[in-house]
Amino acid sequence: MLPKKDKTMAADLTSGSVPHFYRDIYDILCPDQQTQLDQDMFIKLLMKSSLPKETLTRIWELVDCHHGYLTRSGVYKALALIAVSQQGKPVNDVVLQNFGCQELPRPSLGDLSDLKALSVRLRREKNPTRLSMSYREVCSRDIIKVTLIPKKKGLILKHVEYEVSSQRFNSVVQRRYNDFVVLHEMLLHRFPYRMIPQLPPKKLVKTADAHFIEERRKALKRFLTLVVRHPNISEDPLIHFFLTFLGRDVQHNLKEQFRSAPDEFSTNRLAQTVEELDPLDTPTQSRLARDLMKHVHSSVSKLRDAADSIKEQTLEGAVDMLTFGRELSWLADMANTDSEWSSGGNETWNHLKKGFKSLHPMFPPISNALAEHSKQEDEDVVEKLNLFLDLLSAYKELHDRYDNSINKMKRKSSSDLSAPQEGEQQERRKHFALHCISMETQLVHCYMNIVGEMLHSLIELETIKHYKIYELWKNMHPMVENMNSADVVEERLGSASPTGNKSPYFPSK
């Protein structure tokens with residue numbers, strides 16, 4: 001409890017005078033809206049201020065950490081005192097009362113990324129059987145970009161190279177497909193009980209077309225995105241090396257550096273005590289989760305196929321609009337070879353040609369708009385579903401690897417009964433594997449937010465697309481009306497618009 005003299009001050013900080021920045025900081029420190037903040041996190045927060053030790057000690061005393069934690073009000077008060085001290089003002093009990101109803105000052109805390117990472121780590125250490133991460137936190141771990149580099153000739157074959165950038169490490173490196181292959185092999189060795197996404201298939205560039213190369217680039221980006229956002233895998237030196245090493249022969253150096261590294265079971269501090277955390281019904285829960293993800297994978301695959309069809313239809317529409325514009329332009333530029341004999345004095349063709357000349361430039365903007373929307377549908381809808389499907393496939397493969405390892409252990413134990421210590425170690429490995437599968441299952445549930453995110457993107461994109469295309473079509477309408485002869489317009493409007501509107505498609509407002 002805060003001392004009585006601090007209660008009023010702390011309560012004032014929860015009123016309208018509290019800046020949004022204070023709430024943002026609290027959400028980083030306590031994303032699950034817990035009512036208490038660990039003392040370790042508070043110390044880290046104080047250190048971010050770069051204030052003298054004596055000042056930090058004074059702030060510590062004023063916000064009262066004697067119970068080993070802070071409340072929301074205590075955090076707000078600490079932020080206000082930090083800001084006041086950074087302004088060169090004295091830190092005491094009454095300094096904040098001078099603000100009245102004014103907004104409290106914002107402290108300077110520098111880059112908050114390490115604070116976010118520490119918050120996640122402490123929460124996971126406090127309860128190792130819970131993932132304790134939100135989807136937003138998972139996505140914020142890193143942002144990966146993979147772009148094609150113009151082809152370079154090797155000794156025999158042309159090799160496709162990729163520029164890989166990492167926001168977390170502020171790095172840009174060049175990698176080949178085979179570099180990813182070695183990374184994949186090292187990850188399977190290092191993390192046998194974690195979800196390791198598949199790599200796209202290998203194919204000689206001589207026989208690979210532009211579509212294959214682009215699809216493989218997107219698949220490599222998804223692979224790396226899932227890896228660098230994994231709570232455990234992303235912290236391994238192997239990932240840092242792959243994303244930052246600038247030397248030659250990446251494959252050789254990867255193998256030399258990490259080939260002899262032990263697997264996660266041998267280095268994780270929970271491995272020897274995880275049996276105490278493992279519920280008795282874990283195998284049953286694992287099977288149920290496996291069945292659930294199987295059905296989810298099936299439905300999401302169909303959603304992806306439908307989204308891909310929408311994207312392709314949009315792209316086909318873009319091509320069709322170019323065809324319309326091109327053919328109308330050709331018709332408008334045709335030489336005038338008709339005669340009185342052929343037309344009988346009818347000026348329809350000449351009238352239409354003038355209309356074509358004005359109308360054909362209106363089709364390329366529609367084509368460009370549809371092409372751009374097709375690209376956005378691919379990035380914001382199809383690729384999000386592909387990312388989730390890659391994760392679900394990795395989850396299935398994890399279960400398959402676990403089943404194979406258990407069968408291998410059983411065969412080995414039945415053939416060798418003289419090594420009880422090894423049997424105990426195998427039993428601990430089995431429990432550790434189930435613990436990892438539980439954590440990976442929670443990670444899949446965390447990623448399920450991507451389906452809602454995808455639906456939001458789809459609805460927003462389709463709304464914008466149809467409204468924008470509607471406006472472009474609407475702009476053509478007066479031109480089309482001018483192209484038709486008066487009797488045709490009168491006949492069409494009379495039959496299609498009994499209400500008297502000038503246009504059945506674009507009614508008067």
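Could you compute how much accessible surface Trp60 exposes when probed at 1.4 Å, giving the result in Å² to the nearest 10?
70 Å²
Within 10 Å, count the other beta carbons around each residue, average over each peptide in 339-351, 397-409, and list them highest first. Mind showing how you got there, number by number?
Numbers: 339-351: 9.8, 397-409: 14.8.
By packing density, highest mean first, the sequence is 397-409, 339-351.
Taking the Cβ-Cβ separation of Glu276 and Met409 as r and a Förster radius of 22 Å, what is the calculated FRET efficiency to the nearest 0.05?
Efficiency, rounded to the nearest 0.05: 0.60.
Given Cβ point charges of +1 (Lys, Arg) and -1 (Asp, Glu) and nothing else, what value in debye, to the nearest 20, does the dipole of region 284-402 about its Cα centre take?
540 debye
Translational diffusion coefficient, Stokes-Einstein: compute it for region 335-454 using the Kirkwood radius over C-alpha pairs as Rh, at 10 °C and 1.306 mPa s, and state it as an integer in µm² s⁻¹.
Diffusion coefficient, whole number: 75 µm²/s.
So how much slack lies between Gln174 and Asp24, counting 0.36 nm per residue of separation and subtracting their Cα-Cα distance, in nm?
Working: separation 150, 0.36 × 150 = 54.00 nm, distance 3.65 nm.
Stretched out fully, the Gln174 to Asp24 stretch lengthens by 50.4 nm.
Run a plain Debye calculation on region 231-326 (Cα atoms as equal point scatterers, no solvent) and give log10 I(q)/I(0) at q = 0.11, 0.14, 0.15 Å⁻¹, rounded to two decimals, same order as the q list.
-0.78, -0.91, -0.92
Quick check on the chain: helices-only [θ] at 222 nm, where DSSP H runs of length 4 and up contribute -39,500 (n - 2.57) each and the sum goes over total residues. Nearest 500, please.
-20500 deg cm²/dmol
Please give the FRET efficiency for Ser266 paired with Ile149, using the beta carbon to beta carbon distance and R0 = 30 Å, rounded to the nearest 0.05. Present the calculation step by step, with values, prior to reporting the outcome.
Working: r = 38 Å, r/R0 = 1.26.
Taking R0 as 30 Å, the efficiency between Ser266 and Ile149 is 0.20.
Measure off 7 Å from each Cα along the Cα-to-Cβ vector at Glu397 and His351, then give the distance between these two points in nanometres to one decimal.
So the label points at Glu397 and His351 sit 6.6 nm apart.
How much net charge surrounds Glu312 when only the other residues with a Cβ under 13 Å from the Cβ of Glu312 are counted, with Lys and Arg +1 and Asp and Glu -1?
-3
For region 213-281, rounded, prolate or oblate, judged on the Cα gyration tensor with a ≥ b ≥ c (square roots of eigenvalues), a/c < 1.5 rounded, else prolate if a/b > b/c?
Verdict is oblate for region 213-281.
Please count, across region 362-415, the pairs of lysine residues with Cα atoms under 24 Å apart that sit 8 or more places apart or on different chains.
Close lysine pairs found across region 362-415: 4.
Once you put a point 7 Å from the Cα of Ala117 and another 7 Å from the Cα of His445, both along the Cβ direction, what distance in nm separates them?
2.7 nm
Helix 420-447 against the longest principal axis of the chain: what's the angle in degrees, Cα atoms only, rounded to the nearest 10?
Approximately 40 degrees, to the nearest ten.
Of the listed peptides 178-190, 267-279, what is their order by residue-averaged count of other C-beta atoms within 10 Å, with the highest listed first?
178-190, 267-279
Counting Lys and Arg as +1 and Asp and Glu as -1, each charge on the Cβ, what is the dipole of region 131-250 about the Cα centre in debye, to the nearest 20?
Numbers: 22 positive and 12 negative charges, 83 e Å.
Here the size comes out at about 400 debye.
Regarding the chain, what is the average projected area of its C-alpha convex hull, in nm²?
40.1 nm²
For labels at Trp330 and Glu125 in the simple 7 Å Cα→Cβ model, what's the distance in nm?
7.2 nm
Relative contact order for the chain: what percent, with Cα pairs under 8 Å and sequence separation of 6 or more?
Once divided by the residue count of the chain, the mean separation gives 14 percent.
With an 8 Å Cα cut-off and a minimum separation of 6 or more residues, compute the relative contact order for region 81-161 in percent.
16 percent
The values are calculated or read from the model by the stated rules, or taken from the named source; none is laboratory data. Note that the structure is predicted; figures quoted are calculated from it, not measured. Backbone-built Cβ (ideal geometry, glycine too); neighbour counts: all protein chains shown. To get the accessible areas, we keep the full protein, side chains included, count just its heavy atoms, and leave off ligands, DNA and RNA. Shrake-Rupley method; radii C 1.70, N 1.55, O 1.52, S 1.80 Å.
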